[in-house]
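The values are calculated or read from the model by the stated rules, or taken from the named source; none is laboratory data. Since we're looking at a predicted model, the values are computed, not measured. Note that each Cβ is placed from the backbone with ideal geometry, even for glycine, and that neighbours are counted across all protein chains shown. These area figures cover heavy atoms from the full protein model, side chains too; ligands, DNA and RNA do not enter into them. Shrake-Rupley method; radii C 1.70, N 1.55, O 1.52, S 1.80 Å.
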Amino acid sequence: MVAVPAEVRPRGFAATERRDAWWVAPLLQGLMLAVFISYATWAALQNANYHWGGYLSPLYSPLITADWIPVPPSLLILLPPVLFRATCYYYRKAYYRSYFLDPPACAVGELRAGRYRGETAFPLVLQNLHRYLFYATFLYLPFLWSDVVHATRFGGSFGIGLGTLVILANTTALTFYSFSCHSARHLVGGGLDCFSRTAASRACHAAWKGASVLNARHMLFAWMSFFTVCSADLYVRLLASGVIHDVRLL
Ligand code: FES
């Protein structure tokens, strides 16, 4: 392979020597993000049709029913998860590429070349809050799993409907998304200098290896969980508004 001298390399926005369709991924992920964000924002502002029987929309969990709050409670509920996603390492890569074109893809000229400061200055330095948002949103998981249990209650008896499976799928996806987070991986083993010294450090090593397996699929879990959150809300919303009927499986 012959190295191309720097002075003859293409320069400027979107300049590249790549011959593949590098623009497809940023275009698709930008569109998908716009659809999911628009739907979730719309649904969170409705403050209605978010539960049906034992089913509760994940956008409204944990449920807050305080009339004195001047804004829809869902906005308060969603603030930590929204910030958690906004500062997620994967989503940062996605929206930096798709919306800021900074750069649009690897080895492709960026929109504002020459002013790179990384995430060391305001406001992007706030991305470093991600690990604390991980701690905050981790507390949501017990509520979401309790929603799965409630979704098996039909008039006081046990049952399984299609909505039960939809809510279960969403909680599972969110759990994998949380456990595959880079901060989770760092939390269980990132601070250790020696993995083999004690029984505790060996246990941390095992947990770190498990977190690493999940972490390698973090992008997949990020998309799956965003899709299932919106799908679960839509399913409950359509049931609550009488557009569809639940399918009882058991
Ligand atoms: S890196 Fe994506 S949720 Fe933490």
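As a ratio to 2.2 N^0.38 Å, the alpha-carbon radius of gyration for the range 80-216 is 1.37. Across q = 0.19 Å⁻¹, the range 66-122 modelled as identical point scatterers on its alpha-carbon atoms has Debye log10 I(q)/I(0) values of -0.77, in the order of the q list.
The range 1-135 has equivalent-ellipsoid semi-axes of 41, 17, 11 Å, by the square roots of 5 times the alpha carbon gyration tensor eigenvalues, sorted largest first.
May I ask for the Kirkwood hydrodynamic radius of the chain, worked out over all distinct Cα pairs and given in angstroms to one decimal? 20.7 Å is the Kirkwood radius here. What is the helix-to-structure angle for 218-240, meaning the angle in degrees between its Cα long axis and the longest Cα principal axis of the chain, kept from 0 to 90 and rounded to the nearest 10? Roughly 30 degrees between the two axes. Overall dimensions of the range 148-210, expressed as equivalent-ellipsoid semi-axes from the Cα gyration tensor (√(5λ), whole Å, largest first), are 38, 13, 7. Accessible surface computed residue by residue for the range 155-250, with neighbouring protein chains in place and a 1.4 Å probe, gives 52 Å² per residue. Here, P(r) means the percent of Cα pairs in each 5 Å bin from 0 to the largest distance; for the range 24-85 it is 3, 16, 24, 22, 15, 9, 6, 3, 1, 0.
Assuming R0 = 45 Å, what is the FRET efficiency of Arg248 and Asp67, from their Cβ-Cβ distance, to the nearest 0.05?
Computed FRET efficiency for Arg248 and Asp67: 0.85.
Ellipticity at 222 nm from helices only: DSSP H runs of n ≥ 4 in the chain, each -39500 (n - 2.57), divided by the residue count, give -16500 deg cm²/dmol. Highest GNM mean-square fluctuation among Thr16, Thr137, Thr152, for the chain modelled with Cα contacts below 10 Å: Thr16.
What the Cα convex hull of the range 146-250 gives, in volume per residue, is 121 Å³.
Show me 223-229, 98-104 ranked by packing, highest mean number of other Cβ atoms within 10 Å first. Kindly include the intermediate steps, with their values, before the conclusion.
Details: 223-229: 20.7, 98-104: 17.3.
Sorting 223-229, 98-104 by mean packing, highest first, produces 223-229, 98-104.
Where the accessible area of the chain is counted over protein heavy atoms with a 1.4 Å probe, how much of it, in %, is carbon and sulfur? It is 68 percent, rounded to a whole number.
Taking packing as the residue-averaged number of other Cβ atoms within 10 angstrom, the listed peptides 166-179, 82-95 run from highest to lowest as 166-179, 82-95. For the chain, the dipole from Cβ point charges (+1 on Lys and Arg, -1 on Asp and Glu) about the Cα centre works out to 620 debye, to the nearest 20.
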